[in-house]
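Have a look at the structure below, then the notes.
The values are calculated or read from the model by the stated rules, or taken from the named source; none is laboratory data. The structure displayed is predicted, hence computed values, not measured ones. Neighbour counts run over all protein chains shown; Cβ positions are idealised from the backbone, glycine included. Ligands, DNA and RNA are excluded from the accessible area calculation, which covers all protein heavy atoms including side chains. Shrake-Rupley method; radii C 1.70, N 1.55, O 1.52, S 1.80 Å.
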Amino acid sequence: MASKKKILIVGGVAGGASAAARLRRLDEFANITLIERGRDVSFANCGLPYHIGGEITDRSKLAVQTPESLERQLAIKVKTNTEATAIHRKDKLLEVRDSSGKTERLAYDKLILSPGAQPLKPELPGIDLPGIYTLRNLQDMDRIKAAAEKAQQILVIGAGFIGLEMAEQLIQVGKQVRLVELADQVLPQLDPEMTKPVEQELIRKGVELILSDGIKGFAPRQNGTGILAELNSGKELEGDLVLLSIGVRPESGLAKSAGLELGARGHIKTNAHMQTSDPDIYAAGDACENLDPILDGPSAIPLGGPANRQGRCAADHIILGEQAQPYPGSIGTAIVRVFDVAAGITGHSEKRLKQLGVEYKKTAVNGFNHAGYFPGATNLTVKILWEPATGRLLGGQVNGHDGVDKRLDILATAIKGKLTIEDLAQLELAYAPPFGAARDPINTAGFSAMNIRNGLYQPAFGLSGSDDTQLLDVRPAEVAKLKPIPDSINIPYPELRSRLDELEKSKPLTTVCTMGKTSYFASRILKQYGYNAQSHVGGWTVAAPIQRSENNNPSTKSAEEASVVAGDDTVVKLDATGLACPGPIMRVREASLNLSDGEILEVKASDAGFLTDFPAFCNATGYECLGVTSEKGIITGSLRKNRDSGAQQSLSPATVDSNGTTIVVFSGELDKAMAAFVIANGALAMGGKATLFFTFWGLNVLRKNPSPTVKGKTFMDKLFGWMLPKGPGKLPLSNMHMAGMGTTMMKGRMASKNLPNLPDLMESAIKGGTRLVACTMSMEAMGIRREELIDGVELGGVAEFLGAASKTGTNLFI
Ligand code: FAD
């Protein structure tokens with residue numbers, strides 16, 4: 001029979017409860033007592049946000065064990081509502097106090113501390129006001145749930161993992177959520193470019209996201225209920241309740257008072273068997289510090305997995321001694337779901353490696369969660385960091401809609417196994433079309449890293465065309481027009497070999513595409529022709545700025561509404577998932593041409609831009625947009641070819657606006673431009689619509705003066721820019737220009753007779769709703785960039801002009 005060891009455990013949740021269970025399985029006769037300050041033991045802290053949001057409906061499921069079940073099943077004595085207040089190490093006694101204030105001293109042979117970490121509550125004015133909550137246990141959860149039910153506006157402070165989960169859950173129960181974060185990104189544990197899809201998703205789902213701003217203090221709201229939060233910027237936000245989720249602090253006060261050694265951030269130091277500086281006292285979970293197995297430094301990771309395994313390791317060492325497996329350290333693998341997007345990290349981020357001064361290399365790749373040709377393929381982005389000398393992985397991050405957890409777990413396993421980028425490239429992963437691809441994004445990340453390592457691929461991580469660098473956009477021309485990359489020249493990849501002479505060989509250039517793959521292919525061509533070419537890593541998918549407002553077409557309907565509208569009409573289904581822009585819209589175009597009157601086309605796509613491209617396509621072509629929705633990264637759009645709309649391959653004849661006018665403004669001369677705007681204003685006055693389509697010299701009317709500095713222009717582009725007039729103030733007269741004298745005289749005469757001048761005419765036309773469309777082809781020819789044109793100008797091609805012209809009674813060429 002074993003020795004009847006007296007083992008005390010402080011903290012009865014993740015680390016403490018696992019230690020208790022493991023101890024019992026190893027030693028049936030040990031005397032085990034669990035001391036827990038709160039009411040509950042072994043509950044699922046990680047599930048708390050999901051009960052508040054109603055996704056976990058049954059509260060009792062969160063209580064994994066109860067004091068009674070632990071006593072019954074494991075013969076463990078459980079003292080809840082009891083706080084450990086002091087450790088008398090010399091006498092091996094733990095002092096405890098129960099909720100009635102009664103104290104007692106309990107003897108131990110071994111003591112395990114798993115007291116966890118407390119939510120941070122900085123000393124700010126008003127921090128203790130009622131209505132400000134933190135979330136750690138079931139009672140916090142009940143309080144927040146009750147308060148949230150009555151609240152409308154909720155402020156969530158801190159956009160880490162818990163803050164994001166809470167924001168998601170509160171939106172799902174119909175609350176207005178403002179999420180405030182001090183850092184300039186959400187999930188500050190990750191690198192900023194990897195959090196953009198999360199930020200976009202939060203905005204899309206209606207969370208008001210306030211970044212780079214912190215809390216200065218709180219005050220009661222004037223109306224007596226709720227809170228007024230003042231931010232560092234001076235901004236004031238009102239909320240019916242506030243949830244603070246700005247991080248945690250280890251509960252190491254008891255250990256500190258007992259003289260146990262603490263780490264730099266106040267965690268209890270432990271060795272590989274979870275022993276503290278006192279070998280009879282062990283520590284586990286959020287309160288302890290252990291080893292970072294990647295860089296061999298200290299590591300304190302407040303996560304459920306490490307806490308559970310550390311508790312188990314401590315128990316093993318108490319019972320098995322040196323035969324016990326040591327704890328190998330924590331690498332920090334974490335993931336979060338934010339509506340339809342997931343993001344996570346394992347190992348070190350780039351930010352962290354920089355802070356630590358550790359040398360690293362990095363890449364990021366885009367791929368699909370499973371074979372692109374299998375329905376439902378959605379995009380994933382994988383970033384990896386590695387040690388330059390050995391290729392050993394130092395960290396990884398993944399975001400996407402589906403399959404993020406799988407890739408993150410592969411990377412976590414690879415890091416723990418000290419695998420290299422070469423190993424990643426050769427990992428043999430499960431593949432059948434519904435599950436993966438013959439070349440998984442993890443393999444691709446390995447290939448990309450190896451190409452960088454072997455010098456085949458010179459990576460560029462920023463997108464800045466400048467006077468010294470050319471930025472070459474190799475996406476299809478349609479995509480470049482729809483989603484222009486500032487300061488870039490567009491030469492679609494298939495045309496590159498035949499258009500090399502448009503690029504300056506003496507200047508370095510960076511290729512860029514949508515996903516980061518075609519730009520690599522382009523850079524390989526260019527390098528072999530002697531260009532100094534780098535390829536942008538991750539492509540426009542990673543680099544595109546966040547759209548602050550998701551301007552979904554208000555005419556669109558939800559999926560359910562759309563299916564009601566569909567009624568008995570025939571629905572033709574089209575799967576365009578796995579295709580990058582403009583693939584989906586081109587497939588829609590092809591399929592819609594074959595629709596019969598009344599038939600409905602339902603399209604699924606995974607390209608994020610499809611959400612706005614689809615209604616725009618319907619508007620431009622005259623098909624009735626029945627709805628566009630997005631769920632788990634799949635965008636579903638439905639359109640109908642109406643019996644009477646005549647929608648087809650060309651633009652819809654729809655209804656012709658007899659008072660409306662469409663004018664091609666070809667001329668860049670003052671009097672002709674004025675004539676165009678006089679007619680436009682006239683059309684507006686008659687209750688019609690006006691569209692002015694500016695092409696060639698007409699573009700000069702729309703130029704800003706002075707022009708902004710535009711990087712990446714060729715010499716010829718700049719020459720055109722210098723020679724051509726900038727804006728209405730610089731336009732010459734068509735006749736009697738007389739080196740400017742005629743123009744000045746004409747302007748003077750018009751002013752003296754109180755006639756409007758061109759800028760005034762332009763202003764009133766714009767205010768009245770005239771559409772100014774700049775011809776993209778002419779802009780390309782004349783080297784004019786979007787940022788050189790006045791605000792509010794739309795870019796368009798001939799289809800735009802024809803579309804507008806088909807709907808107006810008057811069509812002119814000036
Ligand atoms: P805890 O589980 O916090 O347990 C410590 C216990 O000790 C507490 O109940 C406390 O009352 C008690 N205690 C403290 N001091 C004393 C004392 N002096 N005397 C007696 N008792 C004392 N991690 C993940 O990996 N994934 C997730 O999705 C995730 N989601 C989370 C969501 C929420 C809302 C929260 C709060 C945490 C989440 N975590 C998550 C973190 C995870 O829950 C913790 O890392 C883990 O619970 C830590 O275990 P622990 O044993 O160290 O501390």
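Quick look at the numbers
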{"item": "Residue satisfying condition, being modelled with pLDDT of 95 or more and either farther than 21 Å from LYS92 by Cβ or small (Gly, Ala, Ser) (or both), within set ALA2, ALA20", "result": "ALA20"}
{"item": "Matching residues, the stretch 284-315, being within 9 Å of the ligand (Cβ to nearest atom) and either in a loop (DSSP other than H, G, I, E, B) or among the aliphatic types (A, V, I, L, M) (or both)", "result": "ALA284, ALA287, ILE301, PRO302, LEU303, ALA307"}
{"item": "Search result, residues across the stretch 137-178 that are open to solvent by 20 Å² or more (accessible area, probe 1.4 Å) and within 26 Å of the chain's Cα centre (by Cα)", "result": "GLN152, GLN153, PHE161, ILE162, GLU165, ILE171, GLN172, VAL173, GLY174, LYS175, GLN176, ARG178"}
{"item": "Single residue of GLU123, GLU181 found to be closer than 30 Å to ASN308 by Cβ and open to solvent by 10 Å² or more (accessible area, probe 1.4 Å)", "result": "GLU181"}
{"item": "Matching residues in the stretch 15-42 - criterion: being open to solvent by 30 Å² or more (accessible area, probe 1.4 Å) and in contact (Cβ under 8 Å) with a residue 12 or more places away in the chain", "result": "ARG22, LEU26, GLU28, PHE29, ASN31, ARG37, ARG39, ASP40"}
{"item": "Test: SER596 is in a loop (DSSP other than H, G, I, E, B) and open to solvent by 10 Å² or more (accessible area, probe 1.4 Å)", "result": "yes"}
{"item": "Residue among THR514, THR444, THR469 that is hydroxyl-bearing (Ser, Thr, Tyr), at pLDDT below 95 and either within 18 Å of ASN379 (Cα to Cα) or open to solvent by less than 10 Å² (accessible area, probe 1.4 Å) (or both)", "result": "THR514"}
{"item": "Helices (runs of 4 or more DSSP H) wholly inside the stretch 326-429 that include at least 2 residues being more than 16 Å from the ligand (Cβ to nearest atom), under 30 Å from ASP607 (Cβ atoms) and not aliphatic (A, V, I, L, M)", "result": "350-356, 404-416"}
{"item": "Members of the stretch 282-299 found to be touching a helix residue (DSSP H, G or I) at 6+ places or on another chain (Cβ under 8 Å) and not acidic (Asp, Glu), listed by number", "result": "TYR282, ALA283, ALA284, GLY285, ALA287, CYS288, ASN290, PRO293, ILE294, LEU295, GLY297"}
{"item": "Per-region count, the stretch 350-398, residues open to solvent by 10 Å² or more (accessible area, probe 1.4 Å) and of a type in the set (S, T, N, Q)", "result": "4"}
{"item": "Filtered residues of the stretch 416-439 (kept if open to solvent by less than 10 Å² (accessible area, probe 1.4 Å) and touching a Gly at 6+ places or on another chain (Cβ under 7 Å))", "result": "ILE421, LEU424, ALA425"}
{"item": "Only one of THR714, THR691, THR695 that is open to solvent by 30 Å² or more (accessible area, probe 1.4 Å) and of a type in the set (Ser, Thr, Tyr)", "result": "THR714"}
{"item": "Selection status of SER69, polar (S, T, N, Q) and surrounded by 14 or more Cβ atoms within 10 Å (Cβ to Cβ)", "result": "yes"}
{"item": "Scan of the stretch 417-438 for residues that are under 28 Å from the mean Cα position of the chain (by Cα), of a type outside the set (A, V, I, L, M, F, W, C) and more than 14 Å from GLY578 (Cβ to Cβ), ordered by number", "result": "THR420, TYR431"}
{"item": "Residue match in the stretch 452-459 (condition: open to solvent by 70 Å² or more (accessible area, probe 1.4 Å), of a type outside the set (S, T, N, Q) and in a loop (DSSP other than H, G, I, E, B))", "result": "no"}
{"item": "Condition broken by GLY259, with the remaining ones in (1) without any contact (Cβ under 8 Å) to a residue 12 or more places away in the chain; (2) part of a loop (DSSP other than H, G, I, E, B) satisfied", "result": "(1)"}
{"item": "From LEU254, LEU262, residue being modelled with pLDDT of 95 or more, open to solvent by 40 Å² or more (accessible area, probe 1.4 Å), within 16 Å of the ligand (Cβ to nearest atom) and aliphatic (A, V, I, L, M)", "result": "LEU262"}
{"item": "Among the candidates ARG499, ARG439, residue that is assigned to a helix (DSSP H, G or I), over 19 Å from ARG392 (Cα atoms) and basic (Lys, Arg)", "result": "ARG499"}
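For every residue, the table says whether it meets (1) open to solvent by 30 Å² or more (accessible area, probe 1.4 Å); (2) under 24 Å from ALA412 (Cα atoms).
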position: MET274; (1), (2): no, yes
position: ALA287; (1), (2): no, yes
position: LEU295; (1), (2): yes, yes
position: CYS313; (1), (2): no, yes
position: GLU322; (1), (2): yes, no
position: GLN325; (1), (2): yes, yes
position: ARG337; (1), (2): yes, yes
position: ALA342; (1), (2): no, yes
position: GLY347; (1), (2): no, yes
